[in-house]
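Peer 1: Below are the structure tokens for one structure; questions will follow.
The values are calculated or read from the model by the stated rules, or taken from the named source; none is laboratory data. If you're wondering where the values come from, they're calculated on a predicted model, not measured in any experiment. Cβ placement follows ideal geometry from the backbone for every residue including glycine, while neighbour counts extend to all protein chains displayed.
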Amino acid sequence: MNGDTSNGPVFTYLISDVQVGTFAGSTIGYNDATGTAAQFNAPAAVAFGADGTMYVADRSNHKIRSVSPQGVVNTLAGSVAGYADGTGTAAKFNIPIGLVVGTDGNIYVSDMSNHKIRKVTPQGVVTTLAGSTAGNADGAGVSAQFFNPFGITTASDGTLYVADFGNSTIRKITLNGNVTTFAGGLIGDINDVGLLARFKMPSGIVYGTDGNLYVADNGNHKIKKIQPDGKGTTLAGSIQGSANGVGTAAQFNFPHSIAMSPDGYLYVSDLYNHIIRKISLNGNVKTLAGMSGSAGFMNGEAEDAVFNEPNGLAATADGTLYIADFNNHKIRKITQE
């Protein structure tokens, strides 16, 4: 147990020790402080910069927060709900729900209710990269339209990909703000190439170490894989439910966000099952932490831990997983040994 090898008469087992703790946050609110003295209001996404700084999309505080490796929380940008470019608290967001650190070191934010993708420098200077009013239009900068953009990821060449929740599409954005539709069109559930594919309210997306995109197809309760040529397949999931297994034998209950660790495992926040799932690239789904169907708060051993609508998540090089625990208003931490 607990990482030790136990010898039986026939088999030898190596049992991994998975622990869940709280990295930052306490009760609902807004407070810049260290660790559990800090407060968030429905944190929705986390991402890491190259220097180890964590960035948090503090959804209902309408702010982007930074967290040092020591757990010191500060406000990088944002104030009250609204829309304004500017520096620090002069900037305004309206439900920031997804973010990623780009290859250029800037933070790119899905500003959901503003229907825009915002760019934030590490110094807190906020500009609008793309998007205008709600809609569905390709184009450059503010001529493009999104409808409730959610998850966002970056490819190794700097290209951004966005899960455009309201349009049920995957959008592609160059760093100069040129927006095209990469996959999807009408609402549905079809694995095909590019615009012939169908999603239902995709909410999470990650660019994998293998060069493929992986999508949390929220309304279809599936994890989809998109190859560089645009060909889509279902990696895991079938009907709404809660089941471990391989491929379509597995079940999710509105998979929300998705991340990949450097060793090639996918991690999914299974929103209404209130659990964190771990998926191999052959589609083998296991429950990493949480009790399926139990919403609440508890730290400890993985099987005893409890989450409350876990949202965005990010994995570090050492395999540690950080989760924006939405309704607990905390950043949770999962260590695997």
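Peer 1: For the stretch 310-319, indicate whether the set of residues that are buried (at least 18 other Cβ atoms within 10 Å of the Cβ) and over 19 Å from residue 41 (Cβ atoms) is non-empty.
Peer 2: yes
Peer 1: Check off (1) at pLDDT 95 or above; (2) part of a loop (DSSP other than H, G, I, E, B); (3) under 17 Å from residue 155 (Cα atoms) for residue 202 and give me the number that stays unchecked.
Peer 2: Failing condition for residue 202: (3).
Peer 1: Return the total of residues in the stretch 267-297 being aromatic (Phe, Trp, Tyr) and under 18 Å from residue 235 (Cβ atoms).
Peer 2: Of the residues in that region, 1 qualify.
Peer 1: Still on this structure, please answer the following. For residue 257, only one of the following conditions fails: (1) part of a strand (DSSP E or B); (2) without any contact (Cβ under 8 Å) to a residue 40 or more places away in the chain; (3) not aromatic (Phe, Trp, Tyr). What is its number?
Peer 2: The single condition residue 257 does not satisfy is (2).
Peer 1: Right, something else. Determine, yes or no, whether residue 2 is among the polar types (S, T, N, Q) and modelled with pLDDT under 55.
Peer 2: Considered against the rule, which asks whether it is among the polar types (S, T, N, Q) and modelled with pLDDT under 55, residue 2 comes out as yes.
Peer 1: Would you say residue 183 is touching a helix residue (DSSP H, G or I) at 6+ places or on another chain (Cβ under 7 Å) and crowded, with 17+ Cβ neighbours inside 10 Å?
Peer 2: Answer is yes for this residue.
Listed here are the residues, each with its yes/no results for (1) surrounded by 15 or more Cβ atoms within 10 Å (Cβ to Cβ); (2) more than 18 Å from residue 267 (Cβ to Cβ).
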residue: 24; (1), (2): yes, yes
residue: 33; (1), (2): yes, yes
residue: 37; (1), (2): no, yes
residue: 42; (1), (2): yes, yes
residue: 48; (1), (2): yes, no
residue: 53; (1), (2): yes, yes
residue: 57; (1), (2): yes, no
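Peer 1: Mind listing whichever residues of the stretch 169-189 are farther than 22 Å from residue 106 by Cα and either in contact (Cβ under 8 Å) with a residue 40 or more places away in the chain or within 17 Å of the chain's Cα centre (by Cα) (or both)?
Peer 2: Scanning the stretch 169-189 gives 169, 181, 182, 183.
Peer 1: Out of 278, 225, I need the residue that is out of contact with any Asp or Glu (no Cβ under 8 Å at 6 or more places or on another chain), within 28 Å of residue 186 (Cβ to Cβ), free of Cβ contacts under 8 Å to residues at least 40 places away in the same chain and in a strand (DSSP E or B). Which one?
Peer 2: So the residue among 278, 225 that is out of contact with any Asp or Glu (no Cβ under 8 Å at 6 or more places or on another chain), within 28 Å of residue 186 (Cβ to Cβ), free of Cβ contacts under 8 Å to residues at least 40 places away in the same chain and in a strand (DSSP E or B) is 225.
Peer 1: For the stretch 143-160, state whether one or more residues are modelled with pLDDT under 95 and either among the hydroxyl-bearing types (Ser, Thr, Tyr) or under 14 Å from residue 232 (Cβ atoms) (or both).
Peer 2: no
Peer 1: Could you list, in sequence order, all residues of the stretch 142-165 that are more than 13 Å from residue 180 (Cβ to Cβ), outside any loop (DSSP other than H, G, I, E, B) and out of contact with any helix residue (DSSP H, G or I) (no Cβ under 9 Å at 6 or more places or on another chain)?
Peer 2: If the condition is that a residue be more than 13 Å from residue 180 (Cβ to Cβ), outside any loop (DSSP other than H, G, I, E, B) and out of contact with any helix residue (DSSP H, G or I) (no Cβ under 9 Å at 6 or more places or on another chain), then 142, 152, 153, 154 are the ones that fit.
Peer 1: Need the failing condition index for residue 195 against (1) of a type in the set (A, V, I, L, M, F, W, C); (2) in a strand (DSSP E or B); (3) more than 16 Å from the chain's Cα centre (by Cα), just the number.
Peer 2: Unmet for residue 195, out of (1) of a type in the set (A, V, I, L, M, F, W, C); (2) in a strand (DSSP E or B); (3) more than 16 Å from the chain's Cα centre (by Cα): (2).
Peer 1: When the residues of the stretch 133-175 are filtered to those that are β-branched (Val, Ile, Thr) and surrounded by fewer than 16 Cβ atoms within 10 Å (Cβ to Cβ), which remaining residue is nearest to residue 224 (Cα to Cα)?
Peer 2: Checking each candidate, the answer is 174.
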